[in-house]
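Worksheet for the structure shown next.
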Amino acid sequence: MSFASLGLSVPVLDAIAEQGYEAPTPIQLESIPAIIRGRDVMAAAQTGTGKTAGFVLPLLERLSKGDRVRANQIRALILTPTRELAAQVGASVAAYGKNLSLHSAVVFGGVKINPQMMKLRRGADVLVATPGRLLDLYHQNAVKFRQLEVLVLDEADRMLDMGFIDEIQKIIALLPRQRQNLMFSATFSDEIRQLARTIVNDPVEISVNPAETTATTIEQWMCPVDKNRKSALLTQLIKNNNWDQVLVFVRTKNGADRLVRYLQTKDIKAAAIHGDKSQGARTRVLAEFKTGLIRVLVATDLAARGLDINQLPQVVNFDLPHITEDYIHRIGRTGRASLSGRAVSLVCADEFEQLSDIERLIKQLIPRKLIEGFKPVQEVPESHLDLRPIKPRKPKKPKKPKTDSRAGQSVIDTQSQSSKTQKVQARKIK
Ligand code: AMP
């Protein structure tokens, strides 16, 4: 089945061809015709399935036909939980809409509001926004909803995890009743279904079986190495294998800064992302990493959780994670649509217990590769697969989610993570 048979017109088809997409993914096959027909949609789909194009393409198709947008008005609103996802979806809107005369904008918090107000003056056919900043802009009369035709909630489960439910409800109360609603979520918990009941109207329900989605395989291996030789080994791996876009996970902020300094002395462009970095610095570094200006991005688990970077060719676990499940989250950042990704762990003797826990969780032994010149003095013992089932941790109910304090955020992140673990495992590893 081709994109042309789904009801998309030539300017959109040309933009798709330029992206190099040959055929629609399973979710796109279902979502594109349904959205073009004007139906509400409720889709269970994770990142990596092509879900963004699944709603952006038909949305642009619809918007290319209607009235011109007026000052400060918007015709389609895409709500996302994080700034990074907003920027990423905004980039997709710009890429897929490049041959159309539609205007789009992206707004999120943590940066000055004035430039965003200026951008919205002429109105936007598509506005991608995080909920808090959208409400601020509304209260300043910078955005109006009279012309709104379509509402999209992207990663709705994450929005709830992050405590955005009040903001979402406030926003929905401001929108015209007559509109098309599209809701995307990786999971469909009772809470999400309850929210869906207040938003979507007789929706087409789409659920892509993870096994059918863009086939992603992850090649995992580990290098036993002494702790004090890890930086040198990483440098050698990057240089000898010509890795040009590497996400490296470390356990601590200090460790991240130290590693970046080391790589820079070896002429490898690197930068760190962790909780002590400002939003501006994080956005800049992420953009530089995506465009290739920075070759190695070193991140702590917590900082990486808010970042929408995935489909990378190479992930490195410089330290094994404290929380076993984080291993799955980390390696889930690699693997592009239908291409394979690689995840390498540098493991020292002290980390043997963590290694065994990870292997038990993923139900497989991670193949070992001893790199010449790096045979550890402190040997990493051979591991044996422990096949006893792991008792599922009961996710605790968050008390009152806070979105602005780091402490509140980390509590919520940890919980949402345990509930996602099995699913990611099913999709990426089995
Ligand atoms: P998403 O699930 O929206 O995060 O998209 C995952 C990745 O798949 C992105 O890098 C897209 O550029 C890519 N993608 C989306 N649709 C297709 C397609 N039909 N064929 C190949 N790649 C695609």
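The values are calculated or read from the model by the stated rules, or taken from the named source; none is laboratory data. Predicted model only: the values in this text are computed from it and were never measured. Here the Cβ positions follow ideal geometry from the backbone for every residue, glycine too, while neighbour counts run over all protein chains shown. Accessible surface is based on the protein model in full, side chains and every heavy atom, while ligands, DNA and RNA are left aside. Shrake-Rupley method; radii C 1.70, N 1.55, O 1.52, S 1.80 Å.
Here are some notes:
- Most mobile of Val152, Val296, Val208 in a GNM of the chain (Cα contacts under 10 Å): Val208
- Largest mean-square fluctuation among Thr283, Thr291, Thr252, in a Gaussian network model of the chain whose springs join Cα atoms under 10 Å apart, belongs to Thr291.
- Counted charge near Ala349, where neighbours are those whose Cβ lies closer than 14 Å (Asp, Glu -1; Lys, Arg +1): -2
- Here's the list of aspartates and glutamates a cross-link from Lys266 could span, going by alpha-carbon distance under 15 Å and ignoring same-chain residues fewer than 8 apart: Asp244, Asp257.
- Å² per residue, accessible surface of the range 3-208 at 1.4 Å: 42
- Cα long-axis angle, helix 26-36 against the chain (0 to 90 degrees, to the nearest 10): 20
- Probing with 1.4 Å while keeping every protein chain in the model, the per residue accessible area of the range 218-362 equals 39 Å².
- Carbon plus sulfur fraction of accessible area for the range 218-362, probe 1.4 Å, in percent: 45
- Helical content of the chain, expressed as a calculated mean residue ellipticity at 222 nm, amounts to -12000 deg cm²/dmol (DSSP H runs of 4 or more residues, -39,500 (n - 2.57) each, divided by residue number, nearest 500).
- Pairs spanning more than 23 Å between alpha-carbon atoms, out of Lys112/Lys253; Lys253/Lys369; Lys239/Lys290; Lys51/Lys253; Lys227/Lys253: Lys112/Lys253; Lys253/Lys369; Lys51/Lys253.
- Other-chain or far-sequence residues with amide H under 5 Å of Phe164's (modelled H): none
- Normalised by the number of residues in the chain, the average gap of Cα pairs under 8 Å and 6 or more apart makes the relative contact order 16 percent.
- With all protein chains modelled, accessible area of Lys227 [1.4 Å, Å²]: 120
- Exposure rank, largest accessible area first [Glu379, Glu155, Glu372; 1.4 Å]: Glu372, Glu379, Glu155
- Note on the range 3-208: with neighbouring protein chains present and a 1.4 Å probe, carbon and sulfur make up 47 percent of its accessible heavy-atom surface.
- Rg [Å, one decimal], Dmax [Å, integer] - the chain, C-alpha atoms: 22.3, 71
- The range 218-362, relative contact order in percent, only Cα pairs under 8 angstrom and at least six apart counted: 34
- Stretching Asp14 away from Asn254 to a fully extended chain increases their span by 81.7 nm, per 0.36 nm per residue minus the current alpha-carbon distance.
- The H on the amide N of Met183, modeled in the peptide plane, is under 5 Å from the matching H of Val41, Met42, Ala43, Leu153, each at least 5 residues off or on a different chain.
- Cα-centre dipole for the range 246-388 with unit charges at Cβ (Lys and Arg positive, Asp and Glu negative), debye to 20: 680
- Stokes-Einstein diffusion coefficient of the range 218-362, Kirkwood radius over Cα pairs, 25 °C, 0.890 mPa s, in µm²/s: 162
- Relative to the dominant Cα principal axis of the chain, helix 279-291 is inclined by about 80°.
- Cα-based Kirkwood hydrodynamic radius, the range 127-209, one decimal, Å: 13.6
- Between Glu219 and Gly341, Arg342, Ala343, the built amide H atoms are under 5 Å apart, and every one of these is 5 or more places off in sequence or on another chain.
- Contact order for the range 3-208, expressed relative to its length and based on alpha carbon pairs under 8 Å spaced 6+ residues apart, stands at 29 percent.
- Springs join every pair of Cα atoms under 10 Å in this Gaussian network model of the chain, and among Val150, Val106, Val204 the largest mean-square fluctuation is at Val204.
- Among His329, His274, the sequence by solvent-accessible area, most first, with a 1.4 Å probe is His329, His274.
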